[in-house]
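Visitor: Supplied in structure tokens, the structure appears directly below.
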Amino acid sequence: MNVVSDFILAFKTEFDYFLVPDCRFPNEINLLKEKYYDVYSILVERSEFDNGLTEEQKSHPSETALDSYNFDITLINQEGLDYVKNNAVEISKIIEFYSNK
């Protein structure tokens, strides 16, 4: 995660926002929240999604470490990737609302 943080630091004046699409452990999210004041964690919950992992793989810490993490925003997605894409604007409005508090 330090590589991601270093990348953000190097290019922060070039972009309005950065999207980190996959964190596996709380310390990864917390590191970004500590270094940058405007960080929001979003969980996309896919209850009916089968990721194809075995039960052993599903129980690996990299798959379970965020199970009880308190995400800033949770999107419950039961309709597929298009649902997330179509709601990206709504998600950005929620983030903007939190940013202006």
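Coordinate-derived values only; no laboratory data. In this text the structure is predicted, and so the values were computed from the model without any measurement. When we count neighbours, we look across all protein chains shown, and the Cβ atoms used for this are built from the backbone with ideal geometry, even at glycine.
Visitor: For region 41-89, state what percent of all Cα-Cα pairs lands in each successive 10 Å bin, counting from 0 Å until the bin that includes the largest distance.
Guide: The percentages, shortest bin first, are 22, 47, 29, 2.
Visitor: Once the dipole of the chain is set up with Lys and Arg at +1 and Asp and Glu at -1 on Cβ about the Cα centre, which of 4, 32, 100 lies farthest towards its positive end?
Guide: 100
Visitor: A further question on this structure: Compute a Gaussian network model of the chain, connecting alpha carbons closer than 10 Å, and tell me which residue from 55, 45, 34 fluctuates the most.
Guide: 55
Visitor: Please report how many Lys pairs in region 2-99 have alpha carbons closer than 23 angstrom, counting only residues at least 8 apart along the chain or sitting on separate chains.
Guide: So the count works out to 5.
Visitor: Return the calculated 222 nm mean residue ellipticity for the chain, to the nearest 500 deg cm²/dmol, obtained by summing -39500 (n - 2.57) across DSSP H runs with n ≥ 4 and dividing by the residue count.
Guide: After summing the helix terms and dividing by the residues of the chain, the value is -12000 deg cm²/dmol.
Visitor: I would also like to ask the following. Rounded to two decimals, what is the ratio between the C-alpha radius of gyration of region 2-99 and 2.2 N^0.38 Å?
Guide: Normalised by 2.2 N^0.38 Å, the Cα Rg of region 2-99 equals 1.19.
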